[in-house]
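What follows is one structure encoded as structure tokens, with my remarks underneath.
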Amino acid sequence: MSAPALQKLQQGDAEAWDQAFRWLWPTAFAVAQLKLGPFLPADVEDVAIESLEELVEKVKEICQIEELKPLTASIAHHRAISRLREQFAKKRGGGQTESLEGRRETGTSDCEPTGGDSPLDQLGWSELAELLASRLERSGS
């Protein structure tokens, strides 16, 4: 699959965007699957699509077509991490606030910092770099 013409994408050419979708989809999907697969596999496709939608707005800011794949991967990575954070916050009861003084008065003491590796601690930029490198090798870009 060859890269579409950047100028046509920036002009909003529908055929160029169809080609860009086919060219960029594997990258967006792979990054989303890498991050969300173990925790939220049902959200992988949604995050990949949202990433490509966000890319449409950002394509006017780039200078070379080669910037699209790394930009797509970065957007997908950030969206996947945000989705994980939202989900983990929901599980912890996000949005519920309570004063520390109120906790002291009731005698609850679960305010200590947690130790160990959380699933978010395991997510790293090195994984993203490895994924990009392997995808670029496969695509010949």
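Read the figures in this text as sums done on the coordinates, not as results from a lab. Note that this is a predicted model, so its numbers are computed, not measured. Positions of Cβ are backbone-derived with ideal geometry, glycine not excepted, and every protein chain shown enters the neighbour counts.
For the residue pairs Lys8/Lys35; Lys58/Lys91; Lys58/Lys90; Lys8/Lys69; Lys60/Lys90, the C-alpha atoms sit more than 24 angstrom apart in Lys8/Lys35; Lys58/Lys91; Lys58/Lys90; Lys60/Lys90.
In this simple spin-label approximation, Glu53 and Phe39 carry label points 7 Å from Cα along the Cα→Cβ vector, and these lie 2.1 nm apart. Multiplying the sequence separation of Ser134 and Lys91 by 0.36 nm and subtracting their Cα-Cα distance, what value in nm do you get? My answer for the length gained is 12.1 nm.
Using a cut-off of 11 Å between beta-carbons, work out the net charge of the residues near Pro26 (Lys and Arg +1, Asp and Glu -1, Pro26 not included). Each step should come with its number before you reach the end.
Working: positive: Arg22, Lys69, Arg135, Arg138; negative: none.
Once positives and negatives cancel, what remains is +4.
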